[in-house]
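First the structure, in the form of structure tokens, and then the observations on it.
Every read-out reported here was derived from the displayed coordinates using simple, explicitly stated rules and does not represent laboratory data. Treat the numbers as computed from the prediction; the structure is a model and nothing was measured. Here the Cβ positions follow ideal geometry from the backbone for every residue, glycine too, while neighbour counts run over all protein chains shown.
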Amino acid sequence: MTLNSLGLNSKKTKDLAGDLNHLLANFQIYYQNLRGIHWNIRGKRFFDLHVKFEELYTDANTKVDLIAERILTLGVTPLHTFEAYIENTKVPVGKNISQDDKAVRLIVESLTELLKIERLILDKSDEANDEGTNSMMSDFITEQEKTVWMMKAWLNEAV
């Protein structure tokens, strides 16, 4: 087994970086979805949702940077083209969404996909003793579970 300068198994680290690139691509689509619904939301809930969507896209933008920097820390180049993002995404692409219910459902669907990817990365990072990635995924999961709960409550639906 070959260890890198971080003291981690080189092969496992490269595999994790690949998974993180997959997460990065999905987060970029999620981020762009949030920008779109922020710009296009209409109706009586405009003021509340416009502000909430800005809060969410600001957070997503921060997470995109954290993911990319973690990929670099692991010695791999982060994906950085829209072509690569589209090729590697499972998050649904929202287009011309202006209705409040559809916008919130898009967020729930997107976070559901992100959580699946993050849980897989969490398992692999734990197995690789990669505490940096493990900690980041744990933090992301905790925050996003709460957001899903809140969005489902707004929709008057059970988690």
Taking the convex hull of the alpha-carbon atoms of region 15-154 and averaging its shadow over every direction gives an area in square nanometres of 7.7 nm²
Which GluC sites (Glu not before Pro) does region 36-78 hold that lie in a coil by DSSP with at most 13 other beta carbons within 10 Å?
-> none
Region 90-153: proportion of alpha-carbon pairs further apart than 21 angstrom, % | 33 percent
Measuring from label point to label point, each 7 Å out along Cα→Cβ, what is the Met1 to Phe46 span in nm?
-> 5.8 nm
Please give the contour-minus-distance gain from Asp123 to Ser138: 0.36 nm per residue of separation, less the Cα-Cα distance, rounded to one decimal in nm.
-> 4.4 nm
Debye intensity ratio I(q)/I(0), log10, region 58-106, q values 0.16, 0.28, 0.30 Å⁻¹ (C-alpha model) | -0.64, -1.11, -1.13
State the extension gain, in nm to one decimal, for the chain segment bounded by Leu155 and Leu66, taking 0.36 nm per residue of separation less the distance between their alpha-carbons.
-> 29.0 nm
